[in-house]
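Data first, discussion second: the structure below is written as structure tokens.
Taken together, the values in this text are just the output of simple stated rules run on the coordinates, not laboratory data. As the structure is a prediction and not an experimental result, all values here were calculated from the model. Cβ placement follows ideal geometry from the backbone for every residue including glycine, while neighbour counts extend to all protein chains displayed.
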Amino acid sequence: MILNLVLSLRHFAFDRKIFHSSPWRTGKTIVVGNLEFGGSGKTPHTLFLLQHLATHHPIFLSRGYGRKSSGFQLITSNSTTAEIGDEPKIIAHRFDESFRGGVCENRLLGLDKLHEKYPDSKVAVLDDAFQHRKLQSSFSTLLTPFSKPFWENNVFPKGSLRDLPKRALQASIIIITGTPQNLELEKFLQNVPAELKEKIIFSSYALHEPVLVHGHGSYQKEGKTLAVSGIARNHVFGEQEQPTLHLRFRDHHRYTSRDLEEMQRIVSENQLEQIITTEKDAVKLLEILPEFPLSVPVFYRPLEVVFPNLSHQQRWLSEIESALKS
């Protein structure tokens, strides 16, 4: 009840212009966000957008949740997760030296800092910025998981929402993420609030073959495996991989030498042959594995956004292109 009241007052203040909000005057901003506390797929959808908007030479800006630094930080190939956060590190990890990005709590300040560095960039993609009302976005994409969409959820502590469900009305488009490939879309839409139906499209995830990040060898599908994950939906990763054992940590967990000692103990005591983890965890493990090597190879499984209905992908991208031209 308290959070609900605080959120209502905050949005009232912005709606009545008591709190100031303004657009990025230098270019267009594409915002990706959600209403839930984590686990809606912001990072893979942001990656998808950056790849498809490559001809615009976009800049990427994030708050950098979980980092130990503060203020504006330029993302470079040498940036650590402590400096920029784990999710920005994933995105930077997928691109080459041409990647243009930064982290900053103040999104307008961060955008201006990035424009100073990359003056030819007139398009910005921001992850986790749907709640950042000081910035008026050019186009906003709201994500919500198929397993529990926001209209079936409640504001914390009764549920896992961090913002009011009615805020979805302000989104340019709403993507139902993690949609099963065989879903009957029309049947699903029957349970969606009428005022939201026209905004909704559906996306899924494609899982690629595991990538080696430590040690030697190739991933063995039938091998005795330890899964390691520190994400919002650990149970989903476990169901996907079906490992022999699963070591779970809280979302955004920062790995230490003690964690690696625990992994090695589990591997040795259970005669396991390999470790599988998420890309989000891999970028953090890579920073300490050289100092504390494990006796078995470590792999991560890349995840990619796909659209069961290609017209949904085309609609999302075409609406963004229209916003960029307006």
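Key figures
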read-out: Relative frequency of Cα-Cα separations exceeding 37 Å in the chain, percent; value: 18
read-out: Where only alpha carbons of region 1-47 are counted, the Rg and the Dmax (Å); value: 14.5, 39
read-out: Region 209-301 shape via C-alpha gyration tensor axes, a/c threshold 1.5; value: rounded
read-out: Gained length - GLU261 relative to LYS187, 0.36 nm times residue gap less alpha-carbon distance; value: 21.8 nm
read-out: Size of charge dipole - the chain - debye, nearest 20, with Cβ of Lys, Arg +1 and Asp, Glu -1, no other charges; value: 1300
read-out: Total charge dipole magnitude, region 43-195, about the Cα centre, Cβ charges on Lys, Arg, Asp, Glu only, Debye to nearest 20; value: 420
read-out: Nearby aspartates and glutamates by direct alpha-carbon distance to LYS284 (threshold 19 angstrom, same-chain neighbours under 8 apart not counted); value: GLU83, ASP86, GLU87, ASP96, ASP251, ASP259, GLU261, GLU262
read-out: Between region 117-167 and region 220-237, the Cα center-to-center distance that results, in Å; value: 28
read-out: FRET E, pair TYR205, HIS52, Förster distance 22 Å, beta-carbon r, rounded to 0.05; value: 0.85
read-out: Principal semi-axes in Å for region 42-103 [√(5λ), Cα gyration tensor, largest first]; value: 19, 11, 10
read-out: Packing rank of 110-119, 91-100, where each peptide gets the mean count of other beta carbons within 10 Å, highest leading; value: 110-119, 91-100
read-out: Relative packing of peptides 184-191, 226-233 - highest average C-beta neighbours within 10 Å first; value: 226-233, 184-191
read-out: Share antiparallel - DSSP beta bridges, the chain, percent rounded to 5; value: 20
